[in-house]
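Have a look at the structure below before the remarks.
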Amino acid sequence: MIRTDTTYEVICMDISITDFDWPFLDYELPRLNKLSNNLYGASFFLMKLLPARFTIQHAEATGKLSRGGHIIETTSGTFGLALAMICAVKKYRLTLISDPVIDKNLYAQLRELGAVVEILRTPHPDGGYQRVRLERLYKLLEEDPDAFWPDQYGNPYNPMSYGRLAEYLVKRLGRIDCLVGPVGSGGSMVGTTAHLRRVFPDLKAIAVDTPKSVLFGQRNGERLLRGLGNSLLPKNLDHSMFDYVFWVPARMAFQATRELHRVHGLYMGGTSGAAYLVANWWARQNPGDKVVAIFPDEGHRYSRTIYNDKWLSKVPGKDYSPELQPLLIQHPRENEEEWCWMRWNRRRLCDVISSMVNSTT
């Protein structure tokens, strides 16, 4: 329990910390960087260590995972890396199911850590690679019923784990008016927002998505910006937590990532650039708000892409500039290409879709 202008108490299970958990406790919390008078960046080494460790600890405590057990997950991103790091230390067997978009450096790192990585190369016509990855996961779980599936998209211990982040932010910053972050599984933004609103009920939560992601009502399509957005709706995504939604195209996100490094010295990934673009704009529009942006991972995996001028020059789309204004839209499918935003007003997705249908009939 900590004291600020009110009392904050984190909702976390009482799980004992073992010697195997200590290496990750500092890595899973961010550095805080003041980026302007009212904007702070929470810059993670690897944010997914937080839900990965917490989920595995709960599985150990409840007997779902025993020493030397087998963990199976579907991922093409940093949740897989977090699992691989923990499994290497705790001596669990790990099987990851992924697809061709996985970063080559990440693939090599996962293999180095001892993970078995299956790459599925034929997408499902409805649901893309994520659907075929899930189908393969279900088959492996049938073959090995004692295996543990962390299920980052549906396990409630994913959002619950972010109570530790919320406590850290309140302890360091006191009052927080606005939280901005990318949304993929829903865990980080939904969990951190829920915990923070126990202290600050009026906290504004801003979701950062990308065009052609189904998370907030757009139609599914090909996306170059990875680590946020989705082709399927995760169970952990509670749409009613969000006040605003921004859709950031890949080229702008990548250029903002480079600005974050060039101006503030933060070498982060593309999802961090997307969050920075939105948070920086919001902080300038609302100078009285104390704004915190979540930057999920560092940029070392993107040295040959985002941080490569030649590669970046070939990414299609409009250029980002600090003066550029996002387009305010009334429903998610009004514009599925540009940088845009809408007032979500803590509604359920079905209510937003219904209002969209009613407005066109």
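Taken together, the values in this text are just the output of simple stated rules run on the coordinates, not laboratory data. Computed from a predicted model, the values in this text were never measured in an experiment. With ideal geometry, Cβ positions are generated from the backbone for all residues, glycine too; neighbour counts draw on all protein chains shown.
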May I ask you to evaluate 6.51 cos²θ - 1.76 cosθ + 1.60, the Karplus curve with θ = phi - 60°, for each residue of region 131-136 and list the ³J(HN,Hα) values in order in whole Hz, giving x for glycine and proline?
5, 5, 5, 5, 4, 5
Output wanted: per-residue J couplings in Hz (rounded whole) for region 326-335, from phi through Karplus 6.51 cos²θ - 1.76 cosθ + 1.60, θ = phi - 60°, x for Gly and Pro.
x, 7, 7, 10, 9, 8, x, 9, 5, 8
Which of PRO51, SER231, VAL291, positive extreme of dipole for the chain (C-beta unit charges)
VAL291
Roughly speaking, what is the stretch gain from LEU134 to LEU328, that is 0.36 nm per residue apart minus the C-alpha to C-alpha distance, in nm to one decimal?
66.3 nm
What residues qualify as long-range amide H neighbours of ILE119, i.e. H under 5 Å apart, gap of 5 or more or another chain, H built at 1.01 Å from N?
SER98
Quick one: go through region 236-261 and flag any residue whose amide nitrogen is under 18 Å from the point 7 Å out along the Cα-to-Cβ line of ARG347.
238-247
Under the Kirkwood approximation applied to all pairs of distinct alpha-carbon atoms, what is the hydrodynamic radius of the chain in Å?
20.8 Å
Quick calc, ARG284 & LEU32: beta-carbon distance into FRET formula, R0 22 Å, rounding 0.05, result 0.65
Of the beta bridges DSSP finds with both residues in region 26-134, what % are antiparallel, to the nearest 5?
35 percent
From the square roots a ≥ b ≥ c of the eigenvalues of the alpha-carbon gyration tensor of region 223-320, which class results: rounded (a/c under 1.5), prolate (a/b over b/c), or oblate?
oblate
CD proxy at 222 nm, helix term only [per DSSP H run n ≥ 4: -39500 (n - 2.57); per residue of the chain; nearest 500]
-10500 deg cm²/dmol
Apply the Karplus curve 6.51 cos²θ - 1.76 cosθ + 1.60, θ = phi - 60°, to the phi angles in region 205-213 and return the couplings in whole Hz, x for Gly and Pro.
10, 10, 8, 10, 10, 9, x, 6, 10
In terms of modelled amide H atoms, which long-range or inter-chain residues lie less than 5 Å from the amide H of VAL183?
VAL208, GLY229
Tell me which lysines have Cα within less than 21 Å of LYS314's Cα, excluding those fewer than 8 residues away on the same chain?
LYS104, LYS212
Using the Cα gyration tensor of region 23-117, with a ≥ b ≥ c the square roots of its eigenvalues, what is the shape: rounded (a/c below 1.5), prolate (a/b larger than b/c) or oblate (neither)?
oblate
